[in-house]
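**Q** Sharing a structure, written as structure tokens. Questions coming.
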Amino acid sequence: TPMQNDLGEFFAMV
Amino acid sequence: MLELRLVQGSLLKKVLEATKDLVTDANFDCSATGFSLQAMDSSHVALVALLLRSEGFEHYRCDRNISMGMNLNNMSKMLKCAGNDDIITIKGDDGSDTVTFMFESPNQDKISDFEMKLMDIDSEHLGIPEAEYHAIVKMPSSEFQRICKDLSSIGDTVVISVTKEGVKFSTRGDIGTANIVCRQNKTVDKPEEATIIEMNEPVSLTFALRYLNSFTKATPLSESVTVSLSSELPVVVEYKIADMGYIRFYLAPKIED
């Protein structure tokens, strides 16, 4: 099963 | 002081139906630009971004930027008490720990107000840069909803691939596999029935169908949906809200281990 990415890996917290 | 009068109150009801299953609590931000929200689901896999521009309101007063923390399930309970044709006004006072929703029937013979408690929410605001996408697919929102629903009865994930042939949605599960290909189709009576594929380069990404199905709860807001894909980015599923703004959903892709 493919692993689920986290949005935090793409967008930075502001 | 905050006072936002929305003649088409049903839009707000539909926005809540589209978001409340994905996000439990969220801060609604009010500024001169408009009424907006950005919130992630509890697993930080999906994000919803809403904008209702100030020009879309019949009356829009927001003296200073304000953030109001609301439980979306409770807000939905209150908005369900508004009729579909009602005018909805959102009212708030500086420093108050409540927000008031006022509902007016179209012929003004019934006026209700519901006061809801606000909550303190630690907001986790993500910066989402403008991006160039490898492919942008615009299609009827009902068709996208149907595809996500149909495929989720077969498998848990969908591979969305865009090539010059069209956009392919594929899944596999214990009982078998499924592939649905939609080709570009501009020869339709109404523009919202068209499927338009803009491709800069082929792209193929895997997503959890559970989240895509949740996004399609926004289908009543718009006749068409735009799906923007890039190999290094979360997908963006956007529903335009007529004359007012948009609701966008971002979903992180799955990657092969």
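The values are calculated or read from the model by the stated rules, or taken from the named source; none is laboratory data. On a predicted model such as this, the values are computed, not experimentally measured, just so you know. Heads up, the Cβs are rebuilt from the backbone with ideal geometry, glycines too, and the neighbour counts pull from every protein chain shown.
**Q** Within segment B:1-19, track down each residue that is crowded, with 20+ Cβ neighbours inside 10 Å and either β-branched (Val, Ile, Thr) or not in a helix (DSSP H, G or I) (or both).
**A** Across segment B:1-19, the qualifying residues are B:Leu2, B:Leu4, B:Leu6, B:Gln8, B:Gly9, B:Val15, B:Thr19.
**Q** Could we say that B:Cys182 is among the hydrophobic types (A, V, I, L, M, F, W, C) and over 19 Å from the mean Cα position of the chain (by Cα) here?
**A** yes
**Q** Would you confirm whether or not segment B:98-105 contains a residue that is of a type in the set (Ser, Thr, Tyr), modelled with pLDDT under 95 and assigned to a loop (DSSP other than H, G, I, E, B)?
**A** no
**Q** Would you be able to tell me the number of residues in segment B:214-253 that are closer than 24 Å to B:Asp189 by Cα, assigned to a loop (DSSP other than H, G, I, E, B) and of a type outside the set (S, T, N, Q)?
**A** 3
**Q** Suppose we filter B:Ser228, B:Ser204 for residues that are in contact with a strand residue (DSSP E or B) (Cβ under 8 Å, 6 or more places away or on another chain) and closer than 16 Å to B:Ala46 by Cα; which single one remains?
**A** Matching residue, one of B:Ser228, B:Ser204: B:Ser228.
**Q** I'm checking my understanding of the structure. Among residues of segment B:176-229 that are surrounded by fewer than 18 Cβ atoms within 10 Å (Cβ to Cβ) and of a type in the set (Gly, Ala, Ser), which one is farthest from B:Thr157 (Cα to Cα)?
**A** If we take residues in segment B:176-229 being surrounded by fewer than 18 Cβ atoms within 10 Å (Cβ to Cβ) and of a type in the set (Gly, Ala, Ser), then B:Ala194 is farthest from B:Thr157 (Cα to Cα).
**Q** Just one of (1) more than 17 Å from B:Ala49 (Cα to Cα); (2) crowded, with 20+ Cβ neighbours inside 10 Å; (3) within 14 Å of chain A (Cβ to nearest Cβ); (4) among the aliphatic types (A, V, I, L, M) trips up B:Val159, so point out which.
**A** (2)
**Q** Just checking, which of B:Asp63, B:Asp25 is acidic (Asp, Glu) and either crowded, with 19+ Cβ neighbours inside 10 Å or within 19 Å of B:Ile247 (Cα to Cα) (or both)?
**A** Working: B:Asp63 fails: either crowded, with 19+ Cβ neighbours inside 10 Å or within 19 Å of B:Ile247 (Cα to Cα) (or both).
Criteria check complete, one pass: B:Asp25.
**Q** Residue by residue through segment B:73-96, note down the ones that are part of a loop (DSSP other than H, G, I, E, B), at pLDDT 95 or above and out of contact with any strand residue (DSSP E or B) (no Cβ under 6 Å at 6 or more places or on another chain).
**A** Correct list: B:Lys80, B:Cys81, B:Gly83, B:Asn84, B:Asp85.
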